[in-house]
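Each reported figure results from applying straightforward, stated rules to the coordinates on display, with no laboratory input. This one's a predicted model, so the numbers in the text were calculated from it and none came from an experiment. We place every Cβ from the backbone using ideal geometry, glycine too, and count neighbours over all the protein chains shown.
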Amino acid sequence: MEPFGTATRTWFEQAFPNGPTRAQVEAWSSVSRGHDTLVVAPTGSGKTLSAFLWSLDRLLHSPVPEDRSRRCRVLYVSPLKALAVDVERNLRRPLAGITAAATAAGEELSPVTVGVRTGDTPAQERRRLATHPPDVLITTPESLFLVLTSKAREGLAGVETVIVDEVHALAGTKRGAHLALSLERLSERLADRPTRPAQRIGLSATVRPREVVADYLGGARIVAPPDAPRMDLRVEVPVPDLEEPGGPVWPHVERRVLDLVEAHRSTIVFTNGRRTAEKLCARLNDLHAERTGDGLPEEEVAAQVSGQSGQSRGADAVIARAHHGSMSKSERALIEDDLKEGRLRCVVATSSLELGVDMGAVDLVVQVASPPSVASGLQRVGRAGHQVGEVSRGVFLPQYRGDLLATTVVTERMREGGIERLEMPRNPLDVLSQQVVAMVAMDEWSVSGLAAVVRRAAPFSDLSDSVLGSVLDMLSGRYPSDEFAELRPRLVWDREEDVLRARPGTQRLAVISGGTIPDRGLFKVHLASDPDGRAPTRVGELDEEMVYESRVGDVFVLGSTSWRIEAITADRVMVSPAPGRPGRMPFWKADAQGRPAELGRAVGAATRELAGLDAVEGRASAVTAGLDAWAADNLVEYVAEQREATGQVPDDRTVVIERFRDQVGDWRAVVHSPLGARVHAPWALAIGGRLRDRFGMDAQVVHGDDGIVLRLPDVESGGVGRPGELADLVAVDPDGVEALVTEELTGSALFASRFRECAARALLLPRQRPDRRMPLWQQRLRSQHLLSVAGRYGSFPIVLETVRECLRDVFDVPELTRVLADVRARRIRVVEVETTRASPFARSLLMEYTAAFLYEGDAPAAESRAQALTLDTSLLADLLGGTDLRELLDPEVVARTGALLQRVAAPVRDLEGTADLLREVGPLSTDEAVERGADPAWLFDLEGAGRAVRMPVAGVERWCAVEDVSRLRDALGAEPPPGVPSVFLEPVEEPLTDLVSRYARTHGPFTSAEVSARSGVDVDVVEGALRGLARRGRVARGGFRPGGSGTEWCDADVLRRLRRGSIARLRREVEPVEPSTLAVFSPLWQRAVPGERWRGPDAVFEAVESLRGVPLVASSLESLVLPTRVEGYLASSLDALTQAVRYVTYTHQTLPTNREV
């Protein structure tokens, strides 16, 4: 404590009479010397204070900077908003204590202010923090990015210390790579001051290897004193036999959880999903009400409860509340305070309370189902006894026997500290793209300067020039934005000066669409009105699919409270409280975390060891590992029954392939392996591909943490049913497995979904407004369109990044390669067995298989493949006859649309607009460009910057975007001007098709002769290109222009636009009008005004016919109605008409006034 001031030492000695922990002593020693430091110590060892106390002491003993922009000197970055708020609250104690100690000693200290800026911070507070920065700013990675990409970054000019808490949760993710670049951007901002860059301090309780995280922090010094966590871990099973519990296991789990909650003062129950948390919380409250006799509302069905939802009985949240990320900030904070203050006995949480949050005197953690990893288990159990020297107590409740085996291994490795190895993502190009756009939005950068800053971040330390260049090519508009608008340039790359500059709207794009957390299209839930009648208040958020299944008036549960739906808008669900009402349980769709391969090998080793013991030895070993009697019995019997069923138990050295017939007589094959979903997912893709190539059939393949399930059609002997055939299929060549997986991957749903997320991170699928949700189905459509364009370019960075993410971050292909190499070298045995029914291990996997295909369509898998059927739509049109829409399309709509597409009706306004004009519309002469709003000086400026060139096209000199040079050269034979960078001279795959396609997209209906005249290419060649586009569904052939003749062509999207416009114009003709307009129109329509009346022998008939179906008082027909419509009407005219039997239909009824109609 020597380096600290007197007041700080006095407070610490009073608050912690036992003195600092070893981690704190070593951390303060390193930090006080100015070293970047990584502090690794168990939960409850005082890590947060080890990082903060030195900074607080310096702030209190240093004068407040006169320059307001240098006031913020400590920046704390938290991966969770809840943790950020928790730290802000916990800093009050040392600040108040040190200040009090100084006052008592007559010492004057500088005031220290603390501010929190996260996604939950109101806009007014964010503006205040920007203009009046606090001494300590607590934020999240996303909010730091927004600060650095706005004027608020000026408030970070004085930062001296950056603290990254729970750094292990960031370093191994793209979110961490994003933060690493933000930290380097901050360091670059601070580089011009005389003192050293900001000191970095990282905090973590669970991380391995430490050196990777130290490198992530920029080469930090590691402080990791040996200090094993003090834990009391038990694994319990609430029934004697999990295989046949006499009904569902879940009610037994619920009752055991309630027993544990009632036996302790304060409990956190962790689940692996939000839906399970809500369901368990509701049941705990219902059961507690039953036990205490408080009574429950009458049971009723909550609206239409779908298959994915349960429902609550509506008991008050007396003993438990749910806590997860889909609840509002205010609700989460209220629950956290209630638990800390002892007003709430139990919180049922997801990972939202996993990281570092100090929940006060929690004396027990209950984990329902196996935690996703050893590191996660340590973090969760660490919430109990979260104080120095206390014991963390945890109870684990597995849900089935396979889960029991995984839980047993996880708890053993938790005691040993055997956490999984952390892998840092290398060169994630979507993150790089976003940060480059943000950097250029704020400053002008040389490419070399930007590359130097990027490479200082550990995830990008080995970024090559070629990869960086491909990203800059994409961002500067190398790829055809005329096919997909969001491929338009995000920045300007001046290749002559090698400088990057922003385009209009670049900063707005980065701020609105920045961040790495995928947008799931969730609906925000708001109160329809609060008691004071103020603006709507946020309650939480719901999954898009659940909202689509809901209706106004439905009651659902969110955060342990029932809510009635009052309205559903495009992006919000408006609700009102419905206390005591039963409600649907919410559900959310999300990707499950797969078991890491390292943990999988440990599960396999434990299975092998247990299989080698007899029943007595196995039970003794299980009890020693912390299992209760029922859990030990279930575990031993599970392994023994599997050995009896298959003769072999799958483990870390044995893969068992089990084959049996299902209920309909088809073969099922189960590849038993404990290695986890990250290994099994690519393995399943490879097996499916080999099955299709070898036997011409699509096998339904599902993977899980414990193996792979295949459904195989029954075949003759010598096919898949031949002994040894499945073992041969599973033993994929390790040298070619990555290529095989990559080939299968690009046509999978996983690739499509990951591409959508990567493209959004790279700002290629931007949000239009920050306060509006983008429906997930719209995101998918836009992503599909982008992929159809980007997929044609092998060098497109985001396609490559999607493949990299799938192979390295989602899958563990290197580990699969090692496994297959061990299979080939016989270090891992492959045993194939046939059983009469599914073995115990297989039954757990079959539940996942059933869930995967339960809601699938009945179409055969082969028919669902995009390549299964290809129609030549152009030839089909010849067979069926061309489309003729000349009578349907409105001439004005056609003309207006053509002018808009050609930008004649939407002229450009500046130099960047002119650049977009050339890129979108194509080569233009100077007069044509001026007609579209371009200033000739802008064209010459673009030429001087190397962004536009002049080339002869069809005998006319035209201005062209530099990206079009190779297309014009290869398609039209135009000679490129000298000085064009080589990247724009690379051959294009289909240059003429690209040019013809652009012509179609930028014109209304046209003929091939018009394209020929514009491009100078023979008509027959143009016709061939158009037929190729028609086969792909990109253009249509027929008759389109009103008054036209012959065969015409039209882009498919343009044709849809013309049809919509024409229909809209027709609808406007029948839109309602004002009453005064109707009053003028009706007499004219009825010919009831002088000069418009019917004349001639048929005048009476025409007048009566116009009144067909109108109820009239009979006496008024001849006195009022007909005289006003027939010129010179005579009373005998109607009689003559009826006698001639030309109008004989009458209806007769008596009105209340006794008049006849």
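So the values come out like this:
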{"item": "Mean residue ellipticity (222 nm) of the chain, computed from DSSP H runs ≥ 4 via -39,500 (n - 2.57), nearest 500", "result": "-13000 deg cm²/dmol"}
{"item": "Given charges at Cβ of Lys, Arg, Asp, Glu: the chain dipole, positive-most of LEU339, ALA1103, PRO398", "result": "LEU339"}
{"item": "Simple Cβ-charge dipole of the chain, Lys/Arg +1 and Asp/Glu -1, about Cα centre, in debye nearest 20", "result": "1900 debye"}
{"item": "HN-Hα J in Hz across the range 743-759 - Karplus 6.51, -1.76, 1.60, θ = phi - 60°, x for Gly and Pro", "result": "5, 6, 5, 5, x, 9, 5, 4, 4, 4, 5, 5, 5, 4, 5, 5, 5"}
{"item": "Within the range 604-640: backbone nitrogen closer than 12 Å to the ARG415 label point (7 Å, Cα to C-beta)", "result": "621-628"}
{"item": "Counted charge near PRO65, where neighbours are those whose Cβ lies closer than 9 Å (Asp, Glu -1; Lys, Arg +1)", "result": "+2"}
{"item": "Sum of side-chain charges, VAL381 neighbourhood, beta-carbon under 13 Å (Lys, Arg +1; Asp, Glu -1)", "result": "+3"}
{"item": "Footprinting exposure proxy for PHE1081, PHE695, PHE396 (fewest neighbouring C-beta atoms within 10 Å first)", "result": "PHE1081, PHE695, PHE396"}
{"item": "Estimated FRET transfer efficiency when R0 is 35 angstrom, pair LEU985-SER748 (beta carbons, to 0.05)", "result": "0.50"}
{"item": "Estimated FRET transfer efficiency when R0 is 22 angstrom, pair LEU846-ALA592 (beta carbons, to 0.05)", "result": "0.80"}
{"item": "Least to most buried among GLU805, GLU211, GLU637 (fewest other Cβ within 10 Å first)", "result": "GLU211, GLU637, GLU805"}
{"item": "Cβ crowding within 10 Å averaged over residues, with 794-804, 1127-1137, 371-381, 1068-1078 ranked highest first", "result": "371-381, 794-804, 1127-1137, 1068-1078"}
{"item": "Residues whose placed amide H lies under 5 Å from that of MET231, excluding near-sequence neighbours", "result": "SER392"}
{"item": "Sequence of MET414, MET442 once ranked by neighbouring C-beta atoms within 10 Å, starting from the fewest", "result": "MET442, MET414"}
{"item": "Amide hydrogen neighbours beyond the local backbone of THR654, cut-off 5 Å, H modeled", "result": "ARG829"}
{"item": "Net length gained if the chain between SER1076 and ASP338 were fully extended (0.36 nm per residue, minus Cα distance)", "result": "259.3 nm"}
{"item": "When the range 429-516 is reduced to its Cα atoms, the Kirkwood hydrodynamic radius in Å", "result": "13.2 Å"}
{"item": "THR1124 paired with ALA96, simple spin-label distance in nm, labels 7 Å along Cα-to-beta-carbon", "result": "8.4 nm"}
{"item": "Contact order relative to length of the chain, as percent, for alpha carbon pairs under 8 angstrom and 6 or more apart", "result": "8 percent"}
{"item": "Qualifying aspartates and glutamates (Cα of each under 13 Å from Cα of LYS174; at least 8 residues distant if same chain)", "result": "GLU142, GLU423, ASP430, GLU757, GLU801, GLU805, ASP809"}
{"item": "Shape of the range 873-1068, Cα gyration tensor, a/c cut at 1.5", "result": "oblate"}
{"item": "Distance (nanometres) between label positions extended 7 Å along Cα→Cβ at ALA895 and ARG426", "result": "6.3 nm"}
{"item": "Added length on full extension, which subtracts the Cα-Cα distance from 0.36 nm per residue, SER110 to ASN18", "result": "30.3 nm"}
{"item": "Cβ-Cβ FRET estimate between SER29 and ARG255, R0 fixed at 51 Å, reported to 0.05", "result": "0.50"}
{"item": "Candidate aspartates and glutamates for bridging to LYS151, where Cα separation is under 13 Å - those fewer than 8 sequence places away on the same chain excluded", "result": "ASP443"}
{"item": "Calculated over the chain: convex hull of Cα atoms, volume per residue (Å³)", "result": "273 Å³"}
